[in-house]
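See below for the structure under consideration.
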Ligand SMILES: [Zn+2]
Ligand SMILES: [Zn+2]
């Protein structure tokens, strides 16, 4: 279901927006919930939906958007359209640490003194991002890609970039922890945290346990972040951590988290991208089927032993491998590895003993 904006405001209250001035889209979802489309520059996703939830102590944001001057202006305009401003924000609830969700959180806190809440597992990634020197990260990526069987011409640029000085990247440290299963401390609202690891280890959905304002059938409304989107399958790769060698199973985590959300049966899903939709259970079913089919396809590719890189080259992407840009290939290989881990865990594939770089074969 696509919902048309019922309020369209510009930055100029007299309505005389300059020609070509981008209009800020504010959507009214009823029951003290609105959303603002905050643009993500140069990204096909287009925008992040930042939700504004009224509480008795002031508005609370769910996600904040990409850290960019135009995105900040859009957020501020949108808040003005909601009758508030960045200085009045009481708190910020972050679904996960990605920059299109957490990017502007620091600026919102600077403007208002708002708290920022995040799940501990993603909070740990924020801390690590702030502390890890870029050289450490590129050394980790180099070793990881070599182990995955990436060709030398793909790895070589990482060795060069290691010698360059990169600008510091410092996402805001959260000051509150989102505890799975618990209600957030929001005056006058019932918003419960549902831990949904997979897209990131600390991704959370937020379940607004209040009757749907239009009495749609189901249980409340779900702010789903990137976990459940109407038309996109979120990226499931490895939880890349230079300091942790634990063999995780992000795809297994994601599929478990999907089932958990399906059982909640919310009346409406308010995702962080695209548009609001109903029938969460049907969408969950679609995604579970999609991943099951993908695992089956990958297993048939493993009739011959393949490295994760070779598997990524043979997998189906939205364009031929030769046209996939450099950075996206790293993401693709991470996704191939997440699927391999799942197949190994299910006993449907195994590592070939003595292979280096390691290859996997169907069993
Ligand atoms: Zn994300
Ligand atoms: Zn996102």
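The values are calculated or read from the model by the stated rules, or taken from the named source; none is laboratory data. Computed from a prediction, not measured in an experiment: that's the story for all the values here. A quick note on method: Cβ atoms are made from the backbone with ideal geometry, for glycine too, and the neighbour counts reach across all protein chains shown.
Conditions tested, residue by residue: (1) surrounded by 15 or more Cβ atoms within 10 Å (Cβ to Cβ); (2) within 16 Å of ligand 2 (Cβ to nearest atom); (3) in contact (Cβ under 8 Å) with a residue 12 or more places away in the chain.
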| residue | (1), (2), (3) |
| --- | --- |
| 270 | yes, yes, yes |
| 278 | yes, no, yes |
| 282 | no, no, no |
| 293 | no, no, no |
Per the list (1) within 16 Å of ligand 1 (Cβ to nearest atom); (2) assigned to a helix (DSSP H, G or I), residue check on residue 260 breaks on (1)
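Determine whether residue 115 is away from ligand 2 (no atom under 15 Å from the Cβ), out of contact with any strand residue (DSSP E or B) (no Cβ under 6 Å at 6 or more places or on another chain) and under 30 Å from residue 239 (Cα atoms). So that I can check it myself, show each step before the final result.
Working: away from ligand 2 (no atom under 15 Å from the Cβ): yes; out of contact with any strand residue (DSSP E or B) (no Cβ under 6 Å at 6 or more places or on another chain): no; under 30 Å from residue 239 (Cα atoms): yes.
No, not satisfied.
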Given the options 130, 136, name the one that is outside any loop (DSSP other than H, G, I, E, B), closer than 30 Å to residue 180 by Cα and touching a residue at least 24 places away in the same chain (Cβ under 8 Å).
130
Check residue 160 against each of (1) over 17 Å from residue 331 (Cα atoms); (2) outside the structural domain of residue 310 (by TED's automatic domain parsing) and name the one condition it does not meet.
(2)
Out of (1) in a helix (DSSP H, G or I); (2) within 16 Å of ligand 1 (Cβ to nearest atom), the one residue 252 does not meet is (2)
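Residues checked against (1) over 20 Å from residue 232 (Cβ atoms); (2) modelled with pLDDT of 95 or more:
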position: 266; (1), (2): no, yes
position: 275; (1), (2): no, yes
position: 302; (1), (2): yes, yes
position: 328; (1), (2): no, no
position: 347; (1), (2): yes, yes
Scan the stretch 45-54 for residues that are within 13 Å of ligand 1 (Cβ to nearest atom) and assigned to a loop (DSSP other than H, G, I, E, B) and report the count.
1
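For every residue, the table says whether it meets (1) away from ligand 2 (no atom under 16 Å from the Cβ); (2) farther than 30 Å from residue 151 by Cβ; (3) touching a helix residue (DSSP H, G or I) at 6+ places or on another chain (Cβ under 8 Å).
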{"position": "257", "(1), (2), (3)": "no, yes, no"}
{"position": "285", "(1), (2), (3)": "yes, yes, yes"}
{"position": "288", "(1), (2), (3)": "yes, yes, yes"}
{"position": "296", "(1), (2), (3)": "yes, no, no"}
Take the residues in the stretch 160-192 that are outside any loop (DSSP other than H, G, I, E, B) and modelled with pLDDT under 95; name whichever of them is nearest to residue 111 (Cα to Cα).
161
Residue under evaluation residue 288, criteria (1) under 28 Å from residue 153 (Cα atoms); (2) in a helix (DSSP H, G or I), criterion not met
(1)
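Looking at the stretch 97-112, which of its residues are within 11 Å of ligand 2 (Cβ to nearest atom) and either part of a strand (DSSP E or B) or within 17 Å of residue 127 (Cα to Cα) (or both)? Steps first, please.
First, pick out the residues of the stretch 97-112 that are within 11 Å of ligand 2 (Cβ to nearest atom): 97-103.
Those that are within 11 Å of ligand 2 (Cβ to nearest atom) and either part of a strand (DSSP E or B) or within 17 Å of residue 127 (Cα to Cα) (or both): 97, 98, 99, 101, 102, 103.
This table checks each residue for (1) over 16 Å from residue 177 (Cα atoms); (2) assigned to a loop (DSSP other than H, G, I, E, B); (3) without any contact (Cβ under 8 Å) to a residue 60 or more places away in the chain; (4) outside the structural domain of residue 191 (by TED's automatic domain parsing).
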residue	(1), (2), (3), (4)
38	yes, no, no, no
43	yes, yes, yes, no
56	yes, yes, no, no
61	no, no, yes, no
66	yes, yes, yes, no
74	yes, no, yes, no
87	yes, no, yes, no
95	no, yes, no, no
Is the stretch 200-219 home to any residue that is within 16 Å of ligand 1 (Cβ to nearest atom) and surrounded by fewer than 18 Cβ atoms within 10 Å (Cβ to Cβ)?
no
Can you tell me which residue within the stretch 320-345, out of those that are touching a helix residue (DSSP H, G or I) at 6+ places or on another chain (Cβ under 9 Å) and surrounded by fewer than 14 Cβ atoms within 10 Å (Cβ to Cβ), is farthest from residue 296 (Cα to Cα)?
326
Test residue 222 against the criterion of being away from ligand 1 (no atom under 15 Å from the Cβ), out of contact with any strand residue (DSSP E or B) (no Cβ under 6 Å at 6 or more places or on another chain) and at pLDDT 95 or above, and give yes or no.
no
Among what's in the stretch 133-148 and is out of contact with any helix residue (DSSP H, G or I) (no Cβ under 8 Å at 6 or more places or on another chain) and surrounded by 16 or more Cβ atoms within 10 Å (Cβ to Cβ), pick the residue that is nearest to residue 332 (Cα to Cα).
144
